[in-house]
């Protein structure tokens, strides 16, 4: 009963904290040290992971995107059909989707799933030429993202939309299938990441949730203050921007065991080149994470920076390490800054959905 109650509370939009997992959605097995099992990305395996999130207190999971990976909206549709409460946070790229096409496809899934869809807009660089996109500078990429967000919102909520922008245009466009609307949720939430000035200006006016990587509390606090200032300066038209954290959490029964396992895992990473991905050096947010190691191997008591030295990448660059009580205390400090959305993960994914769901989430939900 404890798990069911926790899941019910966390999954609802009005609850103070949204807790999501991560499903890697990778063609190649062994993502970030995951078990390299046969059929690791089959529908049965992905469904198993999605159902485990339901059974162990999670509200849903982020589905990773990138050219060469399975299409996220297709995967999300399949998982929504096989689950009851699972909320797929679907990562998509504006250059891969035209806004009108995406607005139609996404609201179809939102209707079919009973309003469970969440969207993560990704503007970072990818293998653009492979799917017919072109490379632009940072200003161009975020200007296009801004138009994409504005047009998708209008197509979700208005009829007979005419829009003429620098990057996109539609005339007399009405999306036949409307998103599920309820109090506090006129359409699927739009999550967004990015640490550059151009990205922050887009987030401040046009996203619903700004996602941060696992930075120290001081850095996150500075960014929240800056984004709140930008909202006022630029004239935000929507509900106030919310904030989220995407981070790896290595949880064990005791603090000592957690650190022993974390150090052993990093030592194994150091021996391997499979984790290395040179693209991680391009993004401003990733650069911020990599520079943390120069300040110390452990920051804010349990924020472990060593994984970034060996190509942890993204959410794997820094880890919160400790017992469930240690990690819950750390996450509550982020919550005190204004973070209300948490996307957590560790590998092997299957086992850690259960461990972290059973040990950590009840502490965050106030059920123990």
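Laboratory data are not the source of any read-out in this text; all were calculated from the coordinates shown. It should be emphasised that the depicted structure is a prediction, and the values quoted were computed from it without experimental measurement. All Cβ positions, even for glycine, are placed from backbone atoms using ideal geometry, and neighbour counts span all protein chains on display.
Hey, what did the chain get for relative contact order, percent, Cα under 8 Å, at least 6 apart?
After rounding, I find 19 percent.
Report, in degrees rounded to the nearest 10, the 0 to 90 angle that the Cα long axis of helix 138-157 makes with the longest principal axis of the chain.
Helix 138-157 sits at roughly 70 degrees to that axis.
Can you give me the P(r) profile for the chain? Cα pairs, bins 10 angstrom wide beginning at 0, each as a whole percent.
So the P(r) values, bin by bin, are 5, 25, 36, 26, 8, 1, 0.
Run the quick spin-label model on residue 336 and residue 138: label points 7 Å from Cα toward the beta carbon, then report their separation in nm to one decimal.
About 3.2 nm, to one decimal.
Roughly how tilted is helix 255-271, in degrees to the nearest 10 and between 0 and 90, from the longest Cα axis of the chain?
That helix lies at roughly 70 degrees to the long axis.
In whole Å, largest first, what are the principal axis extents of the Cα atoms in the range 141-258?
Its Cα atoms span 62, 31, 25 Å along the three principal axes.
Between 0 and 90 degrees, rounded to the nearest ten: what's the tilt of helix 217-234 against the longest Cα principal axis of the chain?
10
Express in nm, to one decimal, how much length is gained between residue 291 and residue 354 on full extension, taking 0.36 nm for each residue of separation and deducting their alpha carbon distance.
Extra length from residue 291 to residue 354 when fully extended: 19.5 nm.
Please find, in a Gaussian network model of the chain (springs between Cα atoms separated by less than 10 Å), the residue of 289, 299, 117 whose mean-square fluctuation is greatest.
Per the Cα network of the chain with a 10 Å cutoff, 299 tops the list.
For residue 43 and residue 270, what is the calculated FRET efficiency with R₀ set at 30 Å and r taken between the beta-carbons, to the nearest 0.05?
About 0.30, to the nearest 0.05.
Under a 10 Å cutoff between Cα atoms, tell me which one of 318, 205, 177 has the largest fluctuation in the Gaussian network model of the chain.
177
Quick one: P(r) of the range 283-335 from all Cα-Cα pairs, 5 Å bins, percents rounded to integers, in order of increasing distance.
P(r) over the range 283-335, rounded to whole percents: 4, 21, 28, 23, 17, 5, 1.
Kindly put 47, 248 in sequence by how many other C-beta atoms sit within 10 Å of each C-beta, fewest to most.
Final ranking by Cβ density, sparse to dense: 47, 248.
Using the 2.2 N^0.38 Å rule of thumb for compact globular proteins, work out how the range 48-202 stacks up: its C-alpha Rg over that value, please.
Computed over Cα atoms of the range 48-202, the ratio equals 1.05.
With a bin width of 10 angstrom, please list the P(r) values of the range 304-368 as percents of all Cα-Cα pairs, from the 0 bin to the one holding the largest distance.
The distribution over the range 304-368 is 19, 50, 29, 2, given as percents.
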